[in-house]
Amino acid sequence: MMLKREYSSVALLFLLGLLVVVGCFSLTFGQIDVPVQDAMAVVTQKLQLPLLQEVQVTKEQLAVIWYIRLPRMLVGMLVGGALGASGAVMQGIFSNPLADPGLIGISAGAATGAVLSIALGTATTSMFAMPAFAFCGSICAVCLTVFLAMRNGKIPVMTLLLAGVAVGMLLGAVTSGVLTFMNEQKLQQYLFWMVGGLDYRRWEHVYLAAGPVLGGICIMLLLARHLNILVLGETEAKAVGMPVVKFRMGLLFVSAMTTATSVCVSGNIGFVGLVIPHMMRMLLGPDHRVLLPASALGGAIFLVFCYSLGRIVMPPAEVRVGIMTALLGSPYFLYLLRKMQKSVFL
Amino acid sequence: MNNVVDISNLDIGYGSRCVIRNVNFSLKQGEMVGIIGCNGAGKSTLLKTIRGLLPKQRGVVKYMGKSLEEYDDKELATKVSYLQQHVEVGFGYTGKDIVMAGRYPYMKWWQRESKADEDLALNCMSYTGTIDLADRPVTEVSGGQKQRILIAKVLAQQTPIIFLDEPTTGLDMVYQEEIFRFAKALAAKGKTILMVVHELNLAAKYCQRILLLGEGSLLADGKPQEVFTEALLSRAYKADIQVERNPLNQNLEISTRISQEDREKEAALLDKIC
């Protein structure tokens, strides 16, 4: 059931509202329940906004909201938004509804970077070391994939996908190789990063991710109309005067950078980049000018919702967000696969 | 009249393999020209190379006196539009989305389509009889309807030169002739049409000029009655071709001739099979 295009701005506003609601839900519920008004008061008082200044908040509430839940929620929103928008862009670039940011080696590169950082011991000396290694790993993997796929200034989509698979396997082997030489403690550290999560995320992570993610999403939104043309195929796009390689490479690198940033602050979180753009395309149609903001908002909503749900589903333990997104995302993905045989979205 | 397209000493092919050597021809404004030749003769390769979609091996291609290399992508797209052989449109894009793509070369990178662009796209759809399909996903329309939507896109591109690569492949007789009629009407309006054609009878009926490819070169270039000769066609198609004039409408009719010997061979084989 696709919404009429005239209503797309209403739908985007609705998604924005839903994000606020999910955000409030995330701040409110957990091992310590904080009333919405108090949670809001913490935020407004900390930001010195002329709102809810009269509400008395306890030190405990302040600590829980400001230092624990808010940064995690914001990281969740940034990561979800980045994965959703990048997923939509990747699916557009490859004209393939099953494309995912992980497909061109981003996740494998990040994992190799992270494991090297742990093995070298830099991960324990600085909190930024592992994200930096993961980021470099992803960018190197994407560069290698593109380099392998490029022929005479052209990047055939199928070759790019196959090169991505090959690079992913190669880096997977490197990661496994390094893992076999690591001690128990380091293995635990790697596993903790591998199962993507938002726990122990702090304001530093928000600052780290905000620039590249928001910047990347803005660039993607600016290029959304061009992506509509790119989706029609290389020849068709060239025939209407688009410098295809330039745009394809540009979009590929922006989405790779955005995804790499999100992977490096939260570890691997699957299915957001795959499922959310699909869902949004089904609801709002294929126009990337609507699809990209909707996927960014949808990704943020889905991730924060999964994170909040993971916290309350079996207290006092927390189910990590990477597990929740896969648990909720994979049945939906399988349903899509079944349905797609007849679908017009292929 | 001035030439709008000038091709000289053009060699085309893939990589180091040359498909056609030393092609020379020019197109004038308002001409409707068909490229014919057997399968694998290099018709589509020629069209794509001239449009700049494939690299040429040698030679010069000029549009309005300016060589292909001097045009940037967008400027070239305002001069020449190109309808490709097979277009696969996924993701549920509608007819209008496709036609609006024709306005791309006229927009700066940050601009959105204006109301005027939208009106033009809808007028093009009305002309090709596809206005009812404006909001339908292209994956849900028939082959003929899709082709007319793509022609509307080419029209929305508002170029003086139009290249059509086998625009009638896979369409039924009615749609085939309709597309030739569209092309003829556009040529009458001053647009230059260069099209790859498989249906020789329709090419003979509608095209003013024919380029015949065969034996790795441009075998003939002239009016249909000059090119559609049994000798030339038989050379190009490596088969015994028969050309007759229909006494009722004076149209040329082209068919293959099978020798008595071949017919007997086939009959003997059929007896074995059936």
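The values are calculated or read from the model by the stated rules, or taken from the named source; none is laboratory data. Owing to the predicted nature of the structure, the values given are computational and were not obtained by experimental measurement. Reconstructed Cβ throughout: ideal geometry from the backbone, glycine too, with neighbour counts over all protein chains shown.
Please verify whether A:VAL178 is in contact with a Leu (Cβ under 8 Å, 6 or more places away or on another chain) and outside any loop (DSSP other than H, G, I, E, B), treating the condition exactly as stated.
Criteria met by A:VAL178.
Could you list, in sequence order, the residues of segment B:150-165 that are closer than 16 Å to B:MET100 by Cβ and among the aliphatic types (A, V, I, L, M)?
If the condition is that a residue be closer than 16 Å to B:MET100 by Cβ and among the aliphatic types (A, V, I, L, M), then B:LEU150, B:ILE151, B:ALA152, B:VAL154, B:LEU155, B:ALA156 are the ones that fit.
Rundown of residues vs (1) more than 14 Å from chain B (Cβ to nearest Cβ); (2) in contact with a Gly (Cβ under 7 Å, 6 or more places away or on another chain); (3) among the aliphatic types (A, V, I, L, M), yes/no style:
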position: A:TYR200; (1), (2), (3): yes, no, no
position: A:LEU214; (1), (2), (3): yes, no, yes
position: A:ASN228; (1), (2), (3): no, no, no
position: A:GLY233; (1), (2), (3): no, no, no
position: A:ALA239; (1), (2), (3): no, no, yes
position: A:LYS246; (1), (2), (3): no, no, no
position: A:MET257; (1), (2), (3): yes, yes, yes
position: A:SER262; (1), (2), (3): yes, no, no
position: A:HIS278; (1), (2), (3): no, no, no
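So that you can scan it fast, the table gives a plain yes or no per residue for (1) free of Cβ contacts under 8 Å to residues at least 40 places away in the same chain; (2) more than 7 Å from every other protein chain (Cβ to nearest Cβ):
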| position | (1), (2) |
| --- | --- |
| B:TYR71 | yes, yes |
| B:LYS74 | yes, no |
| B:LYS79 | no, yes |
| B:ASP117 | yes, yes |
| B:SER126 | yes, yes |
| B:ASP132 | yes, yes |
| B:PRO137 | no, no |
| B:ILE151 | no, yes |
| B:THR159 | no, yes |
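I'd like to check which helices (runs of 4 or more DSSP H) are fully inside segment A:224-299 and have at least 3 residues that are under 23 Å from A:GLY211 (Cβ atoms) and at pLDDT below 90.
A:244-266
Can you tell me how many residues in segment B:46-61 are within 13 Å of another protein chain (Cβ to nearest Cβ), closer than 18 Å to B:SER16 by Cβ and in contact (Cβ under 8 Å) with a residue 40 or more places away in the chain?
Number satisfying all stated conditions: 2.
Could you pull out the residue among B:GLU261, B:GLU226 that is out of contact with any strand residue (DSSP E or B) (no Cβ under 8 Å at 6 or more places or on another chain) and in a helix (DSSP H, G or I)?
When all the criteria are applied, what remains is B:GLU261.
How many of the residues in segment B:174-207 are part of a strand (DSSP E or B) and either over 11 Å from the mean Cα position of the chain (by Cα) or surrounded by fewer than 21 Cβ atoms within 10 Å (Cβ to Cβ) (or both)? First the steps, then the outcome.
Initial filter on segment B:174-207 (part of a strand (DSSP E or B)): B:192-196.
Add one more test, that the residue is either over 11 Å from the mean Cα position of the chain (by Cα) or surrounded by fewer than 21 Cβ atoms within 10 Å (Cβ to Cβ) (or both), and what stays is B:192.
Residues flagged as part of a strand (DSSP E or B) and either over 11 Å from the mean Cα position of the chain (by Cα) or surrounded by fewer than 21 Cβ atoms within 10 Å (Cβ to Cβ) (or both) within segment B:174-207 amount to 1.
Residues that are touching a Gly at 6+ places or on another chain (Cβ under 6 Å) and buried (at least 21 other Cβ atoms within 10 Å of the Cβ): which helices (runs of 4 or more DSSP H) entirely in segment A:83-168 hold 1 or more of them?
Correct list: A:106-120, A:129-149.
Among the listed residues A:LEU334, A:LEU328, identify the single one that is in contact with a Cys (Cβ under 8 Å, 6 or more places away or on another chain), farther than 15 Å from A:LEU15 by Cβ and hydrophobic (A, V, I, L, M, F, W, C).
Values: A:LEU334 fails: in contact with a Cys (Cβ under 8 Å, 6 or more places away or on another chain).
It is A:LEU328.
Pull out all pairs, ordered by first then second residue, where Cβ-Cβ is under 6 Å, the residues are six or more apart or on different chains, the first lies in segment B:83-98 and is within 7 Å of chain A (Cβ to nearest Cβ), and the second is assigned to a helix (DSSP H, G or I) and of a type in the set (S, T, N, Q).
Qualifying pairs under 6 Å: B:GLN84/A:THR235.
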